[in-house]
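Let me begin by presenting the structure, written as structure tokens, before commenting on it.
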Amino acid sequence: MNFEIPEAVKTWSQFGHPVMMWVLFAMAIYALYLGIKVKKTRQASKEERKELIKGNFANRHHKVGSIFMALVILGTVGGMAVTYINNGKLFVGPHLLAGLGMMAMVAVSVSLVPYMQKGNDFARFTHVGLNMSMLLIFGWQAVTGMQIVQKIISNL
């Protein structure tokens, strides 16, 4: 018995990855905002810190980062799966390679959290550097991804 995915599912599934990635791009910017607030709280005077702590920025940053990591991995693998299902192959090019690189950067960044919690400044510097680099690549990915979406739409 051979299972065949309906054409309508194949066609419309191509748009799930781009939509999810735009949501994740916004989520990454929000995580950056929270991270900046965490740093501000850590470096604030006692009086300022009392007020900033009420924002619970560290906990929110940690939660958003955890959700982001899970979804970026699922989104990357899902995008690759849909591409393979619809084309019978992956298109190995800058968009795919940058996406895989971003996924690795996110995983390494998250792995540094236990060291940061113990006060390791090198881990914190590396975490911030990886995430800022990933965010820049993500911006570029958004542009190249929209070019791919336009190509998919023109072929419908």
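Tabulated data for the structure shown
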{"read-out": "Options Lys50, Lys40; residue that is more than 27 Å from Gly145 (Cα to Cα), open to solvent by 70 Å² or more (accessible area, probe 1.4 Å) and at pLDDT below 95", "value": "Lys50"}
{"read-out": "Filter result for Ile153 (under 19 Å from Gly16 (Cβ atoms), free of Cβ contacts under 8 Å to residues at least 60 places away in the same chain and out of contact with any Ser or Thr (no Cβ under 7 Å at 6 or more places or on another chain))", "value": "yes"}
{"read-out": "Helices (runs of 4 or more DSSP H) wholly inside the stretch 86-156 containing at least 3 residues that are among the aliphatic types (A, V, I, L, M) and open to solvent by less than 50 Å² (accessible area, probe 1.4 Å)", "value": "94-111, 121-154"}
{"read-out": "Count of residues meeting criterion [open to solvent by less than 100 Å² (accessible area, probe 1.4 Å) and of a type in the set (Phe, Trp, Tyr)] in the stretch 1-37", "value": "3"}
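The values are calculated or read from the model by the stated rules, or taken from the named source; none is laboratory data. Owing to the predicted nature of the structure, the values given are computational and were not obtained by experimental measurement. Cβ atoms come from the backbone with ideal geometry, glycine included; neighbour counts cover every protein chain shown. Heads up: the accessible areas ignore ligands, DNA and RNA and are worked out on the full protein's heavy atoms, side chains in. Shrake-Rupley method; radii C 1.70, N 1.55, O 1.52, S 1.80 Å.
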